[in-house]
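Read through the structure below, which is laid out as structure tokens, and then see the notes.
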């Protein structure tokens, strides 16, 4: 059974650009969550999608957005990149929502570097 | 508001020694609790989870954790450390609203 797949694994962007990250959940999983991991702030929740609807959102500026498709694949977009957006972005999938009782499976992440 | 405190950002043990990683949580509702491990340049791997069933939870790779409501703790233990256990460990809490609140992590070093 394939795990959670995130693409690309590594990305380098310039300040002011925008970026789109992709996440394919485990087959059959309908909930997808996104987290940002930085040395200074640790792991922080970005948002969660279920059945193409955003169900929960963390405390991030509007430059951070996401969406989920009918096949449960999800993308997140960051516009007008800032140096502080450099981070490991992790995607997690769960069978249903809320996911806590089912457990979350994380992907290997996308390492974004903003220069 | 929920929160998680992991005591000790770094823990060092000798191979074969007991591993004890501490986690205390704050939650106004019965919590769901998790331990995850992260190896360099990798994502998070679930070690174990507590979802209000048995208070002693056994996970993968010989790890286990005990939920103690009176102490609001969920410490992770392993009787005998192995070199391959060297990694960063994260405790997380959820009130079942789709969001995990993570602790700041504990880096475990294992010496031969």
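The values are calculated or read from the model by the stated rules, or taken from the named source; none is laboratory data. Computed from a predicted structure; not experimentally measured. Because the Cβ atoms are built from the backbone with ideal geometry, glycine has one as well, and the counts that use them run over all protein chains shown.
Quick notes
- Residues of the stretch A:49-58 satisfying the condition of being in a strand (DSSP E or B), under 14 Å from residue A:25 (Cβ atoms) and more than 9 Å from chain B (Cβ to nearest Cβ): A:49
- Subset of the stretch B:15-68 (residues that are within 23 Å of residue A:38 (Cβ to Cβ), in contact with a strand residue (DSSP E or B) (Cβ under 7 Å, 6 or more places away or on another chain) and within 9 Å of chain A (Cβ to nearest Cβ)): B:34, B:36, B:38, B:43, B:44, B:45, B:46
- Complete set of residues in the stretch B:3-14 that are within 13 Å of another protein chain (Cβ to nearest Cβ) and not in a strand (DSSP E or B): B:6, B:9
- Selection within the stretch A:8-52 - more than 23 Å from residue A:96 (Cα to Cα), out of contact with any helix residue (DSSP H, G or I) (no Cβ under 9 Å at 6 or more places or on another chain) and in contact (Cβ under 8 Å) with a residue 24 or more places away in the chain: A:8, A:9, A:10, A:11, A:12, A:14, A:16, A:17, A:18, A:20, A:37
- Filter result (more than 10 Å from the chain's Cα centre (by Cα), in a strand (DSSP E or B) and more than 17 Å from residue A:53 (Cβ to Cβ)) within the stretch A:72-105: A:78, A:87, A:105
- Residue A:70, sole failed condition from (1) farther than 16 Å from residue B:97 by Cα; (2) surrounded by fewer than 16 Cβ atoms within 10 Å (Cβ to Cβ); (3) in contact with a strand residue (DSSP E or B) (Cβ under 8 Å, 6 or more places away or on another chain): (3)
- All conditions but one from (1) modelled with pLDDT of 95 or more; (2) outside any strand (DSSP E or B) apply to residue B:30; the one that does not is (1).
- Looking only at residues in the stretch A:75-107 that are surrounded by fewer than 20 Cβ atoms within 10 Å (Cβ to Cβ) and within 7 Å of chain B (Cβ to nearest Cβ), the one that is farthest from residue A:29 (Cα to Cα) is A:101.
- Residue tally, condition more than 7 Å from chain A (Cβ to nearest Cβ) and either part of a strand (DSSP E or B) or out of contact with any strand residue (DSSP E or B) (no Cβ under 6 Å at 6 or more places or on another chain) (or both), over the stretch B:77-112: 21
- Sole exception among (1) in contact (Cβ under 8 Å) with a residue 24 or more places away in the chain; (2) assigned to a loop (DSSP other than H, G, I, E, B); (3) within 30 Å of residue A:59 (Cα to Cα) for residue B:41, by number: (1)
- Filtered residues of the stretch B:49-62 (kept if free of Cβ contacts under 8 Å to residues at least 24 places away in the same chain, surrounded by 15 or more Cβ atoms within 10 Å (Cβ to Cβ) and assigned to a strand (DSSP E or B)): B:49, B:57
- Scanning the stretch B:14-30 for residues that are more than 16 Å from the chain's Cα centre (by Cα) and closer than 19 Å to residue B:112 by Cα returns B:14, B:15, B:16, B:17.
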